1. Could you please give the count of residues in segment 111-145 that are assigned to a loop (DSSP other than H, G, I, E, B) and in contact with a helix residue (DSSP H, G or I) (Cβ under 8 Å, 6 or more places away or on another chain)?
2. State which residue is nearest to LEU117 (Cα to Cα) when the search covers only segment 66-75 and only residues that are surrounded by fewer than 18 Cβ atoms within 10 Å (Cβ to Cβ) and aliphatic (A, V, I, L, M).
3. When both residues are 6+ apart or on different chains and their Cβ atoms are under 8 Å apart, which pairs have a first residue that lies in segment 37-52 and is loosely packed, with under 15 Cβ neighbours inside 10 Å, and a second that is acidic (Asp, Glu) and at pLDDT 95 or above?
4. May I ask you to list the residues in segment 25-58 that are under 18 Å from the mean Cα position of the chain (by Cα), modelled with pLDDT under 95 and in a loop (DSSP other than H, G, I, E, B)?
5. Any residue that is touching a residue at least 12 places away in the same chain (Cβ under 8 Å), more than 22 Å from MET105 (Cβ to Cβ) and of a type outside the set (Asp, Glu) - is there at least one of those in segment 61-69?
6. Given the options SER95, SER86, name the one that is among the hydroxyl-bearing types (Ser, Thr, Tyr), at pLDDT below 95 and either surrounded by 15 or more Cβ atoms within 10 Å (Cβ to Cβ) or in contact with a Pro (Cβ under 8 Å, 6 or more places away or on another chain) (or both).
7. Just name the residue that is surrounded by the most Cβ atoms within 10 Å (Cβ to Cβ) out of those in segment 114-137 that are free of Cβ contacts under 8 Å to residues at least 40 places away in the same chain and of a type outside the set (S, T, N, Q).
Amino acid sequence: MSNADTGIGMLLNAPVQTIMDFDVLILDGTSTVADAIEKMKEKNARSVLVTHAGEIIGIVSKTDILFKVMGRGKDSTKAKLREIMSCPVLTVSPSSTVGEALAIMDKHVVRQLIVSLRASVMGIVTRDIIFEKIHSLLSQRLQQL
């Protein structure tokens, strides 16, 4: 079964804008980790973009919260997002391919990239989104056999 047969090749060559999640959670760096956790639960988000004066300055993931707050015994109601964020935020353009996005994620050992155009956040693309699409394509192919 080749990439072309399963549609995986087509997916890897598709622009990330075709699969990105448009619903991106953004909070100010002075927000507490507890606030972020609550918002992340509400939106079923894996991460939150961190801003200062309206500009994106970092990103906080569930992993950051687990290791930098919970794992160190910090109080999530006192810890600020700016204290635990990762930066810089890695971005791709909406026209970048899914394959290019995966290569960037592999190179920098991250699970998500912000999709932006001219410094404006358009969405987010994650390994989970990509792997769900691949799984769906493989499931469809198996049903055809």
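1. Here the count works out to 1.
2. LEU66
3. Listed by first residue and then by second, the contacts come to HIS52/ASP28.
4. ASN44, ALA45, ARG46
5. yes
6. So the residue among SER95, SER86 that is among the hydroxyl-bearing types (Ser, Thr, Tyr), at pLDDT below 95 and either surrounded by 15 or more Cβ atoms within 10 Å (Cβ to Cβ) or in contact with a Pro (Cβ under 8 Å, 6 or more places away or on another chain) (or both) is SER86.
7. Among those that are free of Cβ contacts under 8 Å to residues at least 40 places away in the same chain and of a type outside the set (S, T, N, Q), it is ARG127.
To keep it simple, each residue is scored yes or no on (1) part of a loop (DSSP other than H, G, I, E, B); (2) within 16 Å of GLN112 (Cα to Cα); (3) of a type in the set (A, V, I, L, M, F, W, C).
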residue	(1), (2), (3)
GLY9	no, no, no
VAL60	no, yes, yes
ASP64	no, yes, no
THR77	yes, no, no
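The values are calculated or read from the model by the stated rules, or taken from the named source; none is laboratory data. Being a predicted model, the structure only gives us computed values, none of them experimental. We place every Cβ from the backbone using ideal geometry, glycine too, and count neighbours over all the protein chains shown.
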